[in-house]
Amino acid sequence: MADTQNTKVQEQDIHQLLKVKREKLANLQEAGKDPFQITKYDVTHHSTDIKNNFEELEGKTVRIAGRVMSKRVMGKASFCNVQDLPGNIQVYVARDSIGEESYADFKKYDVGDIVGIEGEVFKTKTGETSIHAAKVTLLSKSLQILPEKFHGLTNTDIRYRQRYTDLIMNQDVKDTFVKRSKIISAIRRYLDGQGFLEVETPMLVSNAGGAAARPFETHYNALDEDVKLRISLELYLKRLIVGGMERVFEIGRVFRNEGLDTRHNPEFTLMELYQAYTDYYGMMDLTENMFRYVAQEVCGTTVIPYAEETIDLGKPFERLTMVDAVKKYAGVDFDQIPDTAAAKKLADEKGVHYEERHAKGDILNLFFEEFVEEHLIQPVFIMDHPVEISPLTKRKPDKPDYVERFELFIYGREMCNAYSELNDPIDQRERFKAQEAALAAGDEEANTTDEDFMNALEIGMPPTGGIGYGIDRLVMLLTNSPAIRDVLLFPTMKTLDPKKAENKAEKAAVNGSAEAATVSAPSVQIDLSKVKIEPLFADDVDFETFSKSDFRVVKIEACEAVPKSKKLLKFTLNDGTDRKRTILSGIHEYYEPEELVGKTCVAITNLPPRKMMGIDSEGMLISAVYEYDGREGLNLLMLDDSIPAGAKLY
């Protein structure tokens, strides 16, 4: 009851604060000082320019602009902190310097307002570089409430939904996106130096090919045709190679109708390039040199910290065939497996899940995903993939069951995918037929025949090397970001029910916490008369046995779908210790990964690790399970976010 009353009081306080902000704006407008009528402000310096060049600028007049992040009013003189793009700087505002009327106005300014400051550069007695204001101009009035500065904005859901607030409150987030821009610029400079031309190709296509992915579909009203959003850049860029443009690349958005997790977003930035008269070895050399160049340009070093590892991009990248990699980490030599039947028998023995339509090459790839990927921490090119999973790649002349393809892996993640491109139109048509057969057999990610592309191949394409880079994953690596959403300014999010999300942002951080701004997923209302629960256990469990179960509060830091599993979600949890805990839970039917990131839950943490899909699950998340209207219902148990990770439940 007391909590409910406190919430109501807090909401009343919030509404009063918002009302006061609007009243201040109305008073300014009435006095002819409407900040929204100002159209420009001439900025001469940024905060870091002044701090880095103090000796040169001391005593000189500068003009900066930015957002007021804090303010201390002390009678006839005040201090405020102004934040701009690269950082922030302290401003000393004295009544005698800016005038009595201006000082009276300044005292009414709020944290969050945007101001222009003109004044002299100096250092305070404590040695802090500051600006002694001669003139303060209100450039924009903030009518909302920023999260309280000490606690900052930490709730992941609100951070991703309101990236503009995230950028204001978290300087490291802003730094990440500045670095992202520099990474893309460095890639362009490198490729320009290698003689590549940047081009643009269609986003709306009649045939979405070039990758194994399900496309988004839409309708083109003017042409009365159904079209798809591209899933790749490949087939149009190859057309340009046919046309004689020997080195081309494109950086652009592609769209894949798939799930969301820490490494996947339905729309993401892809860079593809194609170079005539080279092969996949040429692409390896280009990739290694480009990664090294971009890291040095943007980070100033080729030794990159990522999570708990140190990635060395300066050393030669290891090169390993897929067969040798599976042999090294799984102890299975697929060169000794005679056919598909033998491969399936081996998969059954090793617990590797496959589908009936899968051939030997598909199962080799499943073994690679199951047993190898997690070990590939330092840069390694995995070469020579099976032909079954590479419909656009040239076969190896001496091993026709394999193709001249590689993927670069770093930290267990695929960073790029490259081929010696298939330029034999007869072989390519047969590959498309095999893909259409797979589509008919239920593979929703299989390609269909692109007749215009086939016509281009028949005109003649030279031997060509091609490669695709996931720009977002490269940015994750070079900015030490754990999730793809951390490097996308506006990641895909599930739309909130507007009635359930009323004014959630208003609750941000009044009384010291941004967590009040948490936007919760709408709860599902169920008819309790249709609920049937499992009978309570009749057998007693002695207290000593029960007390050995260690129930702990955990924070979900990351959540992703487990590849090749329709049920499992993989959770990365903060359990209050220095290490992260991994738990797998079969609740994907009930939750999408993005719904759960940032939530506070309960787990049993002292169960022995249990291997699931090749991953050790270190405990059990607690859910409520019941039967509802003839089918199973499930709710993951979630707690108040104010409870700290590691708290023990009694």
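The values are calculated or read from the model by the stated rules, or taken from the named source; none is laboratory data. Since this is a predicted model, take the numbers as computed values, not measurements. Methodologically, a virtual Cβ is constructed for each residue, glycine included, from the backbone with ideal geometry; neighbour enumeration extends over all protein chains shown. Protein only, heavy atoms only, side chains kept; ligands, DNA and RNA dropped before computing areas. Shrake-Rupley method; radii C 1.70, N 1.55, O 1.52, S 1.80 Å.
If I fit a long axis through the Cα atoms of helix 280-299 and take the longest principal axis of the Cα atoms of the chain, what angle between them do I get, 0 to 90°, rounded to 10? So the inclination is approximately 10 degrees. Note on the stretch 595-650: along the principal axes its Cα atoms extend 36, 34, 25 Å, ordered by decreasing extent. Relative to the longest principal axis of the Cα atoms of the chain, the long axis of helix 171-193 makes an angle of roughly 50 degrees.
An ellipsoid equivalent to the chain, defined through the eigenvalues of its Cα gyration tensor, has semi-axes of 49, 36, 24 Å when rounded to whole angstrom and sorted largest first. When you filter the chymotrypsin sites (Phe, Trp or Tyr not before Pro) in the stretch 123-207 for DSSP loop state and at most 13 other Cβ atoms inside 10 Å of their Cβ, you are left with Phe150.
What the chain shows is 51 Å² of accessible area per residue, with the surface traced by a 1.4 Å probe over protein heavy atoms.
Rounded to the nearest whole Hz, the Karplus-based 3J(HN,Hα) values (6.51 cos²θ - 1.76 cosθ + 1.60, θ = phi - 60°) of the stretch 441-446 follow the sequence 7, x, 7, 6, 9, 6, with x at glycine and proline. Among the protein heavy atoms of the stretch 258-314, carbon and sulfur supply 45% of the accessible surface, probe 1.4 Å, non-protein parts ignored. Remark: the chain carries a charge dipole of roughly 2260 debye about the Cα centre, counting +1 on each Lys and Arg Cβ and -1 on each Asp and Glu Cβ. Here, the stretch 81-171 is characterised by an Rg to Rh ratio of 1.02, where Rg is the alpha-carbon radius of gyration and Rh the Kirkwood radius. If you roll a 1.4 Å probe over the stretch 1-150 with all protein chains in place, what percent of the accessible area is carbon or sulfur? Summing carbon and sulfur atoms, their accessible area is 48 percent of the total for the stretch 1-150. For the stretch 92-214, the residue among Met169, Gly193, Tyr109 whose Cα projects farthest onto the positive side of the dipole built from Cβ charges is Gly193. For Ile410, the residues whose amide H sits under 5 Å from its own are Met415, ignoring neighbours fewer than 5 places away on the same chain, with H placed 1.01 Å from N.
Taking amide H as placed 1.01 Å from N in the peptide plane, Ser623 has its amide H under 5 Å from the amide H of Leu637, each at least 5 places away in sequence or on another chain.
Listed values for the stretch 328-338 are Karplus-derived 3J(HN,Hα) couplings in whole Hz (6.51 cos²θ - 1.76 cosθ + 1.60, θ = phi - 60°), namely 5, 9, 10, x, 10, 9, 6, 5, 9, 8, x, and x replaces Gly and Pro. Measuring against 27 Å, Cα to Cα, the residue pairs Lys33/Lys76; Lys228/Lys555; Lys327/Lys360 contain Lys228/Lys555 as the ones spanning a longer distance. Largest first, the three principal axis extents of the alpha carbons in the stretch 290-449 are 50, 39, 32 Å in whole numbers. Computed from the alpha carbon atoms alone, the convex hull of the stretch 1-147 holds 134 Å³ per residue. Considering the zone a paramagnetic label at Lys107 would reach in this model (a point 7 Å from Cα along the Cα-to-Cβ line), which residues of the stretch 57-75 have amide N under 11 Å from it? 73-75, by backbone N distance to the label point.
Only protein atoms count toward the accessible area here, which uses a 1.4 Å probe; on the stretch 536-650, the carbon and sulfur part of that area reaches 54 percent. Distance distribution note for the stretch 396-446: the fraction of Cα pairs above 17 angstrom is 56%. The Kirkwood hydrodynamic radius of the stretch 140-227, based on inverse pair distances between different Cα atoms, is 17.9 Å.
For the stretch 425-482, GluC sites (Glu not before Pro) are listed when DSSP marks them as loop and at most 16 other Cβ atoms sit within 10 Å of their Cβ; the list is Glu444, Glu445. Once the Cα atoms are used to define both axes, helix 360-371 deviates from the longest principal axis of the chain by about 40 degrees. Every Cα-Cα pair of the stretch 529-650 was included, and the share exceeding 24 Å stands at 32 percent.
Compactness of the stretch 288-350 was expressed as the Cα radius of gyration divided by 2.2 N^0.38 Å, which yields 1.73.
For trypsin sites (Lys or Arg not before Pro), the sites in the stretch 93-202 that DSSP calls loop and that have at most 16 other Cβ atoms within 10 Å are Lys125, Lys149.
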